[in-house]
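The values are calculated or read from the model by the stated rules, or taken from the named source; none is laboratory data. All values reported here derive from a predicted model rather than from experimental measurement. A quick note on method: Cβ atoms are made from the backbone with ideal geometry, for glycine too, and the neighbour counts reach across all protein chains shown. Side chains included, ligands, DNA and RNA excluded: accessible areas come from the protein's heavy atoms. Shrake-Rupley method; radii C 1.70, N 1.55, O 1.52, S 1.80 Å.
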Amino acid sequence: MRPIQKTISIAAATTNAVATSQKPEDGVNLTLNGSLVTSGVATFTYPTQVSFGSASNLSTVTFTVYGLVLNADGTQTANSETVTGPNNTTVATTLTFVNVNLITVATATTFTTQRVVVGGAAVGIGTGAWWPLDIYVPNQVTTISCNILASGSATYTVQYTNEDPFNTSITQLAVAHPAAALAGASTSQTASTTVLMRAVRVNVASGAGQLRVTVVQQSTR
């Protein structure tokens, strides 16, 4: 099979990267004044979901986010998404935004002390998707290289399964990679194994920057 190579962009959540604490008012756009805003546009380091956080009940508020969205095929298009305000919690868009240039507000409620902050959800932190492997390679050796790029950082674990990765109706049995070096690693690592693996995935516990993962399968015949 051809090598699989994925670059995982990692960034912690940024609470007020788009808008600092402010009161929602009907028909009044939020002021984009967060830490990532330049010339009225919040541009994320890595594309991310847009998060809305509040310690108050803002569930009667409808926020509409406008900006450039990253599509599943890698293209970018102008798009928008409407989000119901949080109630003493954080809510987020389902779309992945490259930047945000406008957030409108609609509400029938008049607020006095209630506030909302807008930022970016965590990127790349958590468990990624399964990457199916070729189980028909005879006498296979699978080599996985995880490289932390530039001055980034990452704490990560590689897992595998022998369940069917395309069967979303079951909970995949995730097993730690046979190489101990790929469990809780915090430096670039390369490891090989002859253990049959139907699919692999990467769990990133923390970090910043980018982690490039390359999976190569070859036959010893």
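Can you tell me which residues in the range 132-151 are modelled with pLDDT under 95 and closer than 27 Å to ALA12 by Cα?
The answer is ALA150, SER151.
Just to be sure I understand, how many residues within the range 132-149 are part of a loop (DSSP other than H, G, I, E, B) and either open to solvent by 30 Å² or more (accessible area, probe 1.4 Å) or not aliphatic (A, V, I, L, M) (or both)?
The qualifying residues number 6.
Please tell me if THR75 is open to solvent by 40 Å² or more (accessible area, probe 1.4 Å) and either aliphatic (A, V, I, L, M) or more than 30 Å from SER186 (Cβ to Cβ) (or both).
yes
What number of residues within the range 177-195 are out of contact with any Ser or Thr (no Cβ under 9 Å at 6 or more places or on another chain) and of a type in the set (A, V, I, L, M, F, W, C)?
Final tally of qualifying residues: 1.
Specify which of the listed residues (VAL137, VAL202, VAL195) is within 29 Å of LEU36 (Cα to Cα) and touching a strand residue (DSSP E or B) at 6+ places or on another chain (Cβ under 8 Å).
None of the other options fit; the residue is VAL202.
crowded, with 16+ Cβ neighbours inside 10 Å and over 16 Å from the mean Cα position of the chain (by Cα): does that describe PRO86?
Considered against the rule, which asks whether it is crowded, with 16+ Cβ neighbours inside 10 Å and over 16 Å from the mean Cα position of the chain (by Cα), PRO86 comes out as yes.
Give SER35, SER51 a once-over and let me know the one that is open to solvent by less than 50 Å² (accessible area, probe 1.4 Å) and either of a type in the set (Ser, Thr, Tyr) or touching a His at 6+ places or on another chain (Cβ under 7 Å) (or both).
SER51
Look through TYR156, TYR136, TYR160 and report the one residue that is without any contact (Cβ under 8 Å) to a residue 24 or more places away in the chain and not polar (S, T, N, Q).
Selected residue: TYR136, the only one of TYR156, TYR136, TYR160 that is without any contact (Cβ under 8 Å) to a residue 24 or more places away in the chain and not polar (S, T, N, Q).
Out of VAL216, VAL202, VAL158, I need the residue that is outside any loop (DSSP other than H, G, I, E, B), within 15 Å of ASP134 (Cβ to Cβ) and among the β-branched types (Val, Ile, Thr). Which one?
From the options VAL216, VAL202, VAL158, the qualifying one is VAL216.
Tally time: how many residues in the range 209-221 are open to solvent by 50 Å² or more (accessible area, probe 1.4 Å) and either within 15 Å of SER153 (Cβ to Cβ) or among the aromatic types (Phe, Trp, Tyr) (or both)?
Summing the residues that are open to solvent by 50 Å² or more (accessible area, probe 1.4 Å) and either within 15 Å of SER153 (Cβ to Cβ) or among the aromatic types (Phe, Trp, Tyr) (or both) in the range 209-221 gives 2.
Tell me which residues, restricted to the range 81-122, are without any contact (Cβ under 8 Å) to a residue 40 or more places away in the chain, within 24 Å of ILE10 (Cα to Cα) and hydroxyl-bearing (Ser, Thr, Tyr).
Listed by number, the residues that qualify are THR89, THR90.
Does the range 2-19 contain any residue that is of a type in the set (D, E, K, R), more than 30 Å from SER145 (Cα to Cα), out of contact with any Asp or Glu (no Cβ under 7 Å at 6 or more places or on another chain) and outside any strand (DSSP E or B)?
The answer is no, given that none of the residues of the range 2-19 is of a type in the set (D, E, K, R), more than 30 Å from SER145 (Cα to Cα), out of contact with any Asp or Glu (no Cβ under 7 Å at 6 or more places or on another chain) and outside any strand (DSSP E or B).
I'd like the residue in the range 107-131 that is surrounded by fewer than 14 Cβ atoms within 10 Å (Cβ to Cβ) and of a type outside the set (Ser, Thr, Tyr) and, out of all such residues, is farthest from VAL215 (Cα to Cα).
ALA108
For the range 75-93, what are the residues that are part of a loop (DSSP other than H, G, I, E, B) and farther than 16 Å from PHE44 by Cβ?
THR75, GLY85, PRO86
Take the residues in the range 150-201 that are under 22 Å from SER219 (Cβ atoms) and surrounded by fewer than 16 Cβ atoms within 10 Å (Cβ to Cβ), then tell me which one is farthest from the chain's Cα centre (by Cα).
Ranking the candidates gives THR194 first.
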